[in-house]
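Please read the structure below before turning to the comments.
The values are calculated or read from the model by the stated rules, or taken from the named source; none is laboratory data. What you are looking at is a predicted structure, and each value in this text was computed from that prediction instead of being measured. Cβ coordinates were reconstructed from backbone atoms using ideal geometry, including for glycine residues, and neighbour counts include every protein chain displayed. Accessible surface areas use protein heavy atoms only, side chains included; no ligands, DNA or RNA. Shrake-Rupley method; radii C 1.70, N 1.55, O 1.52, S 1.80 Å.
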Amino acid sequence: MNYWLMKSEPDAYGIEDLKRDRTTVWDGVRNYQARNFLRSMAPGDLVFFYHSNTTPPGIVGLMKVAEANIDDPTQFDAKNKYYDPKATKESPRWQTVVVAFVEIFPQFLSLDALRETFNPNELSVVRQGNRLSVMPVPEEVAQTILKQAKG
DNA sequence: GCCAACGTTGGC
DNA sequence: GCCAACGTTGGC
């Protein structure tokens, strides 16, 4: 079982939306490094939900991989903003996961707080200028986050 | 709203 | 294959 962190802007899709929906397809990732991390996820993996582009940004909750390695349906939809004309059903380019809501943490962990605890090598979301939206979280780091987030 | 970081595109 | 131009992310 592995730990991950994924970003979303709460204005687009936040943890409250996932709580309401219970599960969602994590669609729209169009970065190869992020996609490769998505491809290596397995059912049962735990994913920290990070709110980006908000004040303040930080980790708000936890989700779990329910289904791994599915084709992102938005790549086939010509009306979708994530449509990829180079992708076909026979040779899709973008895979993702279905995630399930687990919890909203009692303690919000702001980016500032994360920076106080971790260096960029431990948790790359604290690296300045980091734009990757999907990243692995080492086991020890994940345990520390869970401890702090649960108060 | 600004701008640093950085991935992608396209001319050569 | 290089790299300038461009577009996007995301913190501030």
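Can you give the FRET efficiency for A:GLU16 and A:ASN69, using 1/(1 + (r/R0)^6), R0 = 25 Å, r = Cβ-Cβ distance, to the nearest 0.05? Mind showing how you got there, number by number?
Values: r = 27 Å, r/R0 = 1.08.
Efficiency, rounded to the nearest 0.05: 0.40.
Quick one: 3J(HN,Hα) in Hz for region A:41-56, Karplus 6.51/-1.76/1.60 with θ = phi - 60°, rounded, Gly and Pro as x.
So the Karplus estimates, Gly and Pro as x, are 7, 10, x, x, 4, 9, 10, 6, 9, 10, 8, 10, 6, 8, 10, x Hz.
Using modelled amide H (1.01 Å from N, peptide plane; none on Pro or chain starts), what sits under 5 Å from the amide H of A:GLU67, excluding residues fewer than 5 places away?
Answer set, sorted by chain and number: A:VAL98.
Where does chain A land at 222 nm, in deg cm²/dmol rounded to the nearest 500, when only DSSP H runs of n ≥ 4 count, each adding -39500 (n - 2.57), divided by all residues? Intermediate results must be reported in sequence, preceding the final value.
Values: 5 runs with 37 residues, N = 151.
Only helices count here, giving -6500 deg cm²/dmol.
Return the carbon/sulfur percentage of the accessible area of chain A, one whole number, probe 1.4 Å, all protein chains in place. Mind showing how you got there, number by number?
On the way: 3740 of 8150 Å².
Taking all protein chains in place, chain A shows 46 percent carbon and sulfur surface.
Output wanted: per-residue J couplings in Hz (rounded whole) for region A:144-150, from phi through Karplus 6.51 cos²θ - 1.76 cosθ + 1.60, θ = phi - 60°, x for Gly and Pro.
Per-residue couplings from phi come out as 5, 4, 4, 4, 5, 6, 8 Hz.
For the peptides A:82-88, A:4-10, A:54-60, what is the packing order when you average, over each peptide's residues, the other Cβ atoms within 10 Å and list the highest mean first? Show your work: numbers first, answer last.
Working: A:82-88: 12.7, A:4-10: 19.9, A:54-60: 16.4.
Packing order, densest peptide first, comes out as A:4-10, A:54-60, A:82-88.
What's the extension gain from A:GLU122 to A:GLN107 if we count 0.36 nm per residue and subtract their Cα-Cα distance?
3.4 nm
Which of the lysines could a cross-linker span from A:LYS79 if the Cα-Cα distance has to be under 17 Å and same-chain partners fewer than 8 positions apart are dropped?
A:LYS89
Per 0.36 nm of contour for each residue apart, how much would the distance between A:GLN148 and A:LYS86 grow if the chain were fully extended, relative to their Cα-Cα spacing? Display every interim value, and only then the final one.
Working: separation 62, 0.36 × 62 = 22.32 nm, distance 4.35 nm.
My answer for the length gained is 18.0 nm.
Between region A:115-151 and region A:16-67, what is the separation of their alpha carbon centroids in Å?
14
So what is the accessible area of region A:3-149 per residue, in Å², with the probe set to 1.4 Å?
On the way: 7750 Å² over 147 residues.
Ligands and nucleic acids excluded, the result is 53 Å² per residue.
Contact order normalised by length for chain A, with contacts defined as Cα pairs under 8 Å and 6 or more residues apart; what percent is it? Could the numbers behind the result be given before it?
Working: 297 pairs, mean separation 45.3, N = 151.
Over chain A, the number comes to 30 percent.
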